[in-house]
Amino acid sequence: MEKKNYSLLTGVIALVAVILIVSVVGYIVSRPRQTVIQGEAEATEYRVSGKVPGRIEEFRAVEGQQVSKGDTLVLIDSPEIRSKIAEASAARAAALAQKEKAYNGARQEQITGAYEMWQKALVGEEVMRKSYERMVKLHDEKVVSDQKFDEVKAQYDAASATARAAKSQYDMAVKGARQEDKDAAVALVERANAAVELVNSYKSEITLTSPADGIIAARYPKVGELVGQGSPIMTIQDLDDVWFTFNIREDRLEGMQSGDKLQLTVPALKNAPVTATVYYIAVRESYATWRATKEIGEFDTRTFEVRARPDAPVQGLRPGMSVILMKKDK
């Protein structure tokens, strides 16, 4: 009898133990898991590109190298720019010569030639004047006909006109170009100077420099490859301007707003603790919307982008590293 009671008690105890074990395991399995919110470190990036097409002649920096603002990074070979510079320089030289000609007037040889033509015209006019005077006397005496008199008079008038024209050419040679011509020559020089400045500005674009301090994160073409206008050649990351980005479903924001303090850890840095301040919260239009599956008790939820900036520099932090949100402080 005692043996039967002992066996019954043992069975009851075993049953209770099994029930307790199953209950504990069920609680552990079914209890809500803590939501892990993971983000990523990002940094300001600068794209290095040129305004002119050409071939990569030389790189002055490699990937991972620390560079400073103004450092020469890339040299581009552009035959088109060299040709434009030569063309603009030749146009400016021609414009300057035209201006000098307009302001200095004709050469001495041209002035002398114009003077001799004027003197020749004066001699011709004098000869015709004498012939005309004799013809007047003969015409008055009715010795020559009216037609002959008219012919000699016409020749004298033509000789006088030729002399006046030669005198005008001589005066023009002495005085030089008109003011309008001088103004036009000045305008040509200014236009040529502007063209030279333009091509020189493009000349500076074949030597590309760093726009900021940072590291070379990527280098796209190789030496000798052709790059177009505006094509990215390098990417520079500014490690002094780093922030964290999280994509959080709206039902997990828990009233988060700008100015909140976030306690984070960085797994790549041995879970180093980081404190960051939220400065940007906005809905992600391109992200999926979480749709409710029940008619009662659920609602459609959107995804929000949250950005937070570390309160102090984090040694060893690099863009792309994961960060884990531990808790939020007001």
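Spin-label pair A158-V283: with each label point 7 Å from Cα along the Cα-Cβ axis, the two points sit 9.6 nm from one another.
Taking 25 Å as R0, compute the FRET efficiency from the Cβ-Cβ separation of V123 and D146 and round it to 0.05.
0.35
Computed with a 1.4 Å probe over protein heavy atoms only, the accessible area of D311 comes to about 80 Å².
With a cut-off of 12 Å between beta carbons, the residues surrounding A161 carry a summed charge of 0, where Lys and Arg count +1 and Asp and Glu -1. With a threshold of 30 Å on the Cα-Cα distance, the over-threshold entries among K130/K167; K120/K142; K69/K261; K69/K270 are K120/K142; K69/K261; K69/K270. Solvent-accessible area of R307, all protein chains in place: 70 Å² (probe radius 1.4 Å, heavy atoms, ligands and nucleic acids excluded).
Mind checking the full-extension length gain between E197 and S131? Use 0.36 nm per residue of separation minus the Cα-Cα distance, one decimal, nm.
Separation in residues times 0.36 nm, less the Cα-Cα distance, equals 17.2 nm.
Using the Cβ of V196 as centre and a radius below 14 Å, the other residues enclosed give a net charge of +2, where K and R count +1 and D and E count -1.
If you take every residue apart from G70 with its C-beta less than 14 Å away from the C-beta of G70, what net charge results, scoring Lys and Arg +1 and Asp and Glu -1?
0
State to the nearest 20 debye the size of the charge dipole of the range 201-294 about its Cα centre, where the only charges are +1 on K and R beta carbons and -1 on D and E beta carbons. Mind showing how you got there, number by number?
On the way: 10 positive and 11 negative charges, 85 e Å.
Approximately 400 debye in magnitude.
Full extension of the chain segment joining A272 with D311 gains 12.6 nm, where the gain is 0.36 nm per residue of separation less the Cα-Cα distance. Going by accessible surface with a 1.4 Å probe and the largest first, I76, I85 read I85, I76.
The values are calculated or read from the model by the stated rules, or taken from the named source; none is laboratory data. Because the structure is a prediction, the values reported are computed rather than measured. Please note: Cβ atoms are built from the backbone with ideal geometry, for glycine as well, and neighbour counts cover all protein chains shown. All accessible areas refer to the heavy atoms of the entire protein, side chains included, with ligands and DNA or RNA removed. Shrake-Rupley method; radii C 1.70, N 1.55, O 1.52, S 1.80 Å.
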